[in-house]
Amino acid sequence: MMKNYIQIEDPKDCCGCGACASACPCGALTMKEDDLGFTYPSVDEALCVGCGKCSAVCVFGKRGVGEGGAPQVYAACTKDKDTLAASSSGGLFTELAAAVFAEGGVVFGAAFGEDFALRHICVESEDDLAPLRGSKYVQSDTGDTFRAAREFLGGGRTVFYTGTPCQIAGLKSFLGKEYDHLLTADLICHGVPSVKMLRDDISYMAGRKKITPSEVKFRDKQYGWGVVGSLSDGKTKVKYSEVTSPYYFCFLGGEDYRDSCYNCRFPTEGRQGDITLGDYWGVPRETVSALGATEDGGVSCILVNTEKGKRWLERIAARVSLVPTDRASVEKRNKQLTRASAMPPSRDALFAAYRKEGYPAFLRGYKKQYKKRVVVFVKSLIPKKVKRALARMYGKIKGK
Ligand SMILES: Cc1cc2nc3c(=O)[nH]c(=O)nc-3n(C[C@H](O)[C@H](O)[C@H](O)COP(=O)(O)OP(=O)(O)OC[C@H]3O[C@@H](n4cnc5c(N)ncnc54)[C@H](O)[C@@H]3O)c2cc1C
Ligand code: SF4
Ligand code: SF4
Ligand code: SF4
């Protein structure tokens with residue numbers, strides 16, 4: 001049999017979207033974890049019929065699949081206080097989902113299951129939406145959801161599918177045709193670590209904080225609108241942030257993403273969703289006032305990339321505050337809209353050590369980086385004049 005199936009030679013060429021596994025007609029292709037916990041396609045040659053569908057559907061290396069060149073850009077937040085408090089930024093995801101439910105549709109998004117496995121699931125009513133809310137800074141497994149979405153679409157149900165840009169690109173490639181009753185939202189995304197790393201980190205945190213967490217939140221509005229989350233066992237809650245967690249520290253420093261994230265072309269090539277959702281970091285004060293919002297509550301930036309996106313936004317217009325803005329303003333503090341994350345020099349060594357020794361090595365790498373960042377931060381506090389005087393003094397001492 002000809003080896004017509006997809007073979008990933010360099011991990012940076014596979015984002016793990018799962019489109020290939022969904023497209024395989026005979027169950028020959030499954031997604032398997034590597035030793036870092038990232039999933040890649042694996043083919044059982046005994047089952048493979050060499051149809052090539054898996055290679056054809058893989059979109060990560062293909063160009064020209066983005067949506068919309070010049071999106072309409074808004075600062076936005078829901079008017080519903082409870083929704084805002086439960087969401088990571090402005091709560092637009094929940095409002096769009098509510099509109100989809102109102103017309104009998106279904107919603108796909110990422111939810112934690114047992115042992116912090118993050119998976120895409122489908123929900124059919126607002127009562128079941130809570131697990132999908134909130135940003136989870138780890139890769140979600142799309143599993144069978146592409147096929148399930150196709151089933152719903154085929155049966156005429158409206159489908160709202162949300163995910164990272166590579167997941168939306170994978171879904172669309174898998175579907176292979178346009179559906180007027182499919183709404184997609186992609187997220188502004190800089191990269192994802194693996195569930196294995198997250199589990200290791202939660203075990204480490206559990207040991208340090210003396211709790212057995214049953215819930216992780218990467219963003220907890222109890223601490224305001226920012227990147228501070230929490231771990232909870234149902235009774236006790238502790239902060240989960242770059243200060244307490246090596247994983248979170250490395251996530252924000254761009255050190256623990258899968259290889260493809262440093263090779264991601266989605267930031268530059270149009271958008272994948274009808275609507276793009278993100279945080280409007282650095283939102284101007286006057287925009288916050290115009291929204292009737294507060295900075296602590298959270299403000300989203302949204303990019304409306306297609307006519308369909310526009311129609312859906314009109315449907316929720318009465319429930320959300322919107323203020324037009326422009327892409328340049330949103331990009332200032334969201335470089336993920338303009339380029340892929342740069343791989344820090346420390347990342348390869350960190351992963352090599354993790355591969356060899358497991359989490360303790362990760363922790364060591366983190367401590368080293370943490371010290372470096374503290375030094376850089378302290379240096380940034382010293383006024384330039386003082387820095388110059390110190391340099392002169394140092395020069396004199398060295399010259400003696
Ligand atoms: C890995 C990741 C990185 C991100 N990076 C940025 C960034 O750099 N800049 C920025 O402005 N915004 C970023 N975001 C988006 C931002 O955090 C919010 O998710 C977005 O603004 C939507 O917020 P909301 O209040 O409308 O809805 P929420 O209710 O807070 O959003 C939940 C939505 O996100 C989806 N989701 C959550 N976690 C995942 C995941 N791991 N994989 C796929 N889908 C997921 C859910 O399915 C749901 O649709 C990122 C999100 C993720 C998941
Ligand atoms: S990028 Fe997606 S479709 Fe391509 S090989 Fe990886 S998981 Fe499969
Ligand atoms: S070539 Fe066809 S049968 Fe073989 S793994 Fe790919 S999709 Fe499956
Ligand atoms: S950075 Fe790119 S490749 Fe990585 S998860 Fe986000 S969209 Fe996918």
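Values as computed for the structure displayed
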| read-out | value |
| --- | --- |
| Sorted by Cβ density within 10 Å, fewest first, the residues 187, 47 | 47, 187 |
| Length-normalised contact order for the chain - Cα pairs under 8 Å, 6+ apart - percent | 20 percent |
| C-alpha center-to-center spacing [region 289-328, region 113-164] in angstrom | 23 Å |
| Residue 178/residue 35 FRET efficiency (R0 56 Å; Cβ-Cβ; nearest 0.05) | 0.90 |
| Fewest-first ranking of 190, 181, using other Cβ atoms within 10 Å as the exposure measure | 181, 190 |
| Within-9-Å neighbourhood charge of residue 347 [Cβ basis; K, R +1; D, E -1] | -3 |
| Filter on 332/371; 196/371; 62/172 - keep pairs with C-alpha separation over 19 Å | 332/371; 196/371 |
| 316, 188 arranged by Cβ crowding within 10 Å, fewest neighbours leading | 316, 188 |
| Net length gained if the chain between residue 147 and residue 327 were fully extended (0.36 nm per residue, minus Cα distance) | 61.4 nm |
| Virtual spin-label span in nm between residue 335 and residue 281, 7 Å along Cα→Cβ | 1.0 nm |
| Alpha carbon centroid spacing (whole Å) that separates region 356-400 from region 22-51 | 46 Å |
| Calculated FRET efficiency for the pair residue 7/residue 296, C-beta based, R₀ 60 Å, to 0.05 | 0.75 |
| Rel. contact order, % - alpha carbon contacts under 8 angstrom, at least six apart, region 31-102 | 14 percent |
| Sequence ranges 107-120, 233-246, ranked by mean other-Cβ count within 10 angstrom, highest first | 107-120, 233-246 |
| For peptides 255-264, 77-86, 9-18, sequence by mean Cβ density within 10 Å, most packed first | 255-264, 9-18, 77-86 |
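Coordinate-derived values only; no laboratory data. In this text the structure is predicted, and so the values were computed from the model without any measurement. As a convention, Cβ positions derive from the backbone with ideal geometry for all residues, glycine included, and neighbour counts pool all protein chains shown.
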